[in-house]
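Each remark here refers to the structure printed beneath this line.
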Amino acid sequence: MEATIEVNGLRKRYGRTVAVDGLSFTVQPGQVTGFVGPNGAGKSTTMRVILGLDAPDEGTALVGGQPYRMLRVPLCHVGALLDAGAIHPGRRARDHLLWMAHSNGIATARINEVIEMVGLTSAARRRAGGYSLGMRQRLGIAGALLGDPPVLMFDEPVNGLDPEGIRWIRGLLRSLAAEGRAVLVSSHLMSELQDTADHLVVIGRGRLIADTTVAALVAAASGDRVVLRTAHRTEAMTALASAGATVAATDREAVTVTGLPAERIAAVLGERGLSFSELAAHRATLEEAYMELTRDAVEFNSPTVRAEASDE
Amino acid sequence: MSDRFGHLVRAEWTKFRSVRRWVLGLLIAIGLTVVLSTLFASVGGTDANSAPAVADRFHFVHQPMTGDGSVVARVSGQEPSHDWAKAGVMIKQSTASGSPYAAILVTPRNGVRFQADFRTDIGGSGRTAPLWLKLTRSGTTITGYESADGTTWTEVGSVSLSLPQTVEAGMFVASPEIVEIQRQFGGTSIGGRPTLGRATFDNASVSGGEPAKWQHEDIGASMFTSDETGATESGGTFTVSGSGEIIRLQQGDDDLIFNSFTGVVFGLMAVIVVAVLFITSEFKRGMIRTTFAASPRRGRVLVAKALVIGLVTFVAGLAATAGAFLLSQPQFRANGYRPPAYPYVHLFDGVVMRAVVGGALFLALLAVLSLGIGAILRRSAGAIALLIAIFIVPQILFGGLPLNVALWVGRVTPVAGLAIMQTTKRWDTAIDPWPGLGVLAGYAALAMGVAIWQVRRRDA
């Protein structure tokens, strides 16, 4: 089976709420694809539709070229962590994995392997009711890995993990992609994906906002802005404006310049004899890029969020 | 079923056995059934063995008969005082109530019968009065005949009866009580209203021995005064009024096998809770998504679940009903339920096995029904409340409802399944055992059908 997820023209509404509105994207093998969007953007809905749990109103979602519901041993094709809380609290972790293994005819020897992979060996015989959220995430990930599937989907896997856990899951995601698997990871925080994802699918209000690589997204958000720090702010702004740049003061000593490359700015300031303490091409963080993209797509937009976004 | 279905069953069995509370719940069901059944068996008792074995009350117009001979009469008319009112001719050892007899008689609704010694009952034609009836005695054999015209006789039946040389022979009239069942909250009273039968006879004669005068009297204690019962003769026509019944009494109609399982009504509540939670707990926690992601063919998942909960409950139910039976019977014996009125029964008797295995089947089907309702409602509390109401409310209301309404409820609701444990038929029997279980099976299948249909089309 090809390790891909193809979502095409997906539309899903619940009552009067449109959760996903004409969404199309592809998840490629050998990469970690970040699936980003604010809360309520439609990430979980999309994942449920991919897993055949919810029926789309329009469009298709294919896994390795097939609808999920056609898969006969789905756990060996697609592994998914949707909701870490979806475990019966009275059941031991090992038994939870055992019934999953039985349902797809997976050898029970695999259970110990995945338990070890997620680091739950010592807790495997405890009842899941006593698990912390982080441990439940690990158990959910173990369930996703059970069938050794070429396609993996994780919905907000970082939630509840401690810093060590976060580092662990990043490494896991990278290594899964390095093995040639297609890995789709959702998050509402771009920063969580900054060092993990190769590719990004950004959605807001159920629509696709960007489908691009991390590098391209950061470059686009950075634009050709240059940050200038100088004690002679007013003079510098006048000089640069007359040289054809667009200038904006960001605080008492800092100016953001657009429309002129850094070398040209240095030359103009040098001609006027204006000294400066810093002159740097602005490199946007992924978070900034994301904020920029999703500014209009945040479901519950608040003035505070807007102010923070424009501060940066 | 394919190999894959086996996987599903195995997965669902793993789910069931790995939640300690569910296993515990079924153990509680067994415990409740056995303990409460035994407890209920230990209270109450019976005096059936000291009660009279036969009823022998009627009005008899008779004369002695010696040696071989016959008694003949034409019943010219009979009042329909009761479907089983009797008018006919009889040969009886003596006028003592309960003494051996043979009789050929006509009834308003049950045709001609040849009856003897509270045991023999042979049906003749469906004719009603007027008609001719005759008994002949030859040695120890007494034979009954009927005839439309007094010349062509048809044999109805014969019986071998050792009677003394001289017996009493003649005409008799009886009419049984109408049984009235009155139901009020808190109890049921069964009462009898006596009826007075009346018939006219002519062409009466007894051959054998010396001709004698007709005598008449009430045999056994009559419910009517001697003015009401009696016999008058006018020009060869006798008008005879009598009341009572000539029959072997059923000694004790308690269904001791069914009554061994009174605790099932309580055990089934635990079964309902476990079976409902087996599915609703998945909906509650979103675990159903993990289940349906692992097995996208949802209908098969539900069928596998039903199979597992059904089989597990059947095994638990077998332990419950067998245990309840084995522990209840000694209690019944201690309370006077002994032969001959109540013959001993054993676990491996046919009817007992049907009740024990059937009781387990009842619980298994109930579990499947509960699973189906749980899958439809997706809420533990609602499903459990609904099911307990279905099974418990009729038990509480049963005594207060009019009998026909109560019987109707017992026939058309899932409660009908309880009938599989009944081994006798009484006035309060709503439905036969297997049809009763069939009603419950129908409800279970319906619930599962709706659940499968719904789970396929709804988002998980």
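The values are calculated or read from the model by the stated rules, or taken from the named source; none is laboratory data. Here the structure is a predicted model, which is why all the values come from computation and not from measurement. Here the Cβ is made from the backbone with ideal geometry for all residues, glycine too, and neighbour counts use every protein chain on show. The accessibility values were calculated without ligands, DNA or RNA, using every heavy atom of the protein model including side chains. Shrake-Rupley method; radii C 1.70, N 1.55, O 1.52, S 1.80 Å.
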Mean separation of Cα contacts under 8 Å (6+ apart) over length of chain B, as relative contact order %: 20
Computed E for B:F348/B:W434 - FRET, C-beta separation, R0 25 angstrom, nearest 0.05: 0.80
Overall dimensions of chain A by Cα: Rg and Dmax, Å: 23.8, 78
Average silhouette area of the stretch B:196-323, convex hull of alpha-carbon atoms, in square nanometres: 18.1
Convex hull volume of the protein assembly as shown per residue (C-alpha atoms, cubic angstrom): 218
By accessible area with a 1.4 Å probe, ligands and nucleic acids excluded, highest first: order of A:S132, B:S99: A:S132, B:S99
Label point distance in nm, B:Q395-A:A262, each placed 7 Å from Cα along Cα→Cβ: 8.4
Beta bridge orientation in chain A: antiparallel %, DSSP, nearest 5: 65
Ranked order, B:W13, B:W427, B:W408, B:W132 - accessible area, probe 1.4 Å, largest first: B:W408, B:W13, B:W427, B:W132
A:H232 paired with B:V43, simple spin-label distance in nm, labels 7 Å along Cα-to-beta-carbon: 10.6
Cα long-axis angle, helix B:433-457 against chain B (0 to 90 degrees, to the nearest 10): 20
Mean ellipticity per residue at 222 nm, deg cm²/dmol - from DSSP H runs of n ≥ 4 across chain B, formula -39500 (n - 2.57): -14000 deg cm²/dmol
Paramagnetic label zone (point 7 Å from Cα along Cα-to-C-beta, B:V357; backbone N under 13 Å) in the stretch B:317-344: B:318
Leading residue at positive end of dipole, the stretch B:54-248 (Cβ point charges), from B:G67, B:S162, B:G235: B:S162
Lys, Arg +1 and Asp, Glu -1 on Cβ, resulting dipole of the protein assembly as shown about Cα centre, debye, nearest 20: 1200
Whether the stretch B:354-419 is rounded, prolate or oblate, judged on the alpha carbon gyration tensor where a/c under 1.5 counts as rounded: oblate
Histogram of C-alpha separations across chain B, 20 Å bin width, %: 22, 36, 25, 15, 2
Stretch gain in nm, segment B:R17-B:D254, where the contour uses 0.36 nm per residue and the Cα spacing is subtracted: 81.4 nm
Gain upon complete extension [B:R333, B:D149; 0.36 nm per residue less C-alpha separation]: 60.7 nm
Listed residues B:K213, B:K305 arranged by accessible area, highest first, probe 1.4 Å: B:K213, B:K305
Cα centroid separation - the stretch A:250-284 against the stretch B:313-332, whole Å: 92
Charged-residue dipole, Cβ positions (Lys, Arg, Asp, Glu), chain B about Cα centre, Debye nearest 20: 3800
Pairwise label distance in nanometres, B:E233 with B:S94, each label 7 Å out on the Cα-Cβ vector: 2.4
Per-residue HN-Hα couplings for the stretch B:77-88 [Karplus 6.51, -1.76, 1.60; θ = phi - 60°; Hz; x = Gly/Pro]: x, 9, 6, x, 6, 6, 4, 9, 4, 10, 9, x
Size of the B/A contact, given as accessible area buried on both chains, probe 1.4 Å, in Å²: 2700
Given charges at beta-carbon only (K, R positive; D, E negative), |dipole| of the stretch B:159-300 in Debye: 2080
Rg to Rh, two decimals, where the stretch B:133-248 supplies the alpha carbon set and Rh follows Kirkwood: 1.06
Under Karplus coefficients 6.51, -1.76 and 1.60, residue-wise ³J(HN,Hα) of the stretch A:27-32 in Hz, glycine/proline x: 9, 9, x, x, 9, 9
222 nm mean residue ellipticity, helices alone, for chain A (DSSP H n ≥ 4; -39,500 (n - 2.57); rounded to 500): -10000 deg cm²/dmol
Computed FRET value (nearest 0.05) for A:A178 with A:S24, which takes r as the C-beta separation and R₀ as 25 Å: 0.40
Relative contact order [Cα under 8 Å, 6+ residues apart], chain A, whole percent: 21
Cα gyration tensor, the stretch B:54-248 - rounded (a/c under 1.5), prolate or oblate: prolate
Anisotropy class of the stretch A:81-212 from Cα gyration tensor, a/c 1.5 cut: prolate
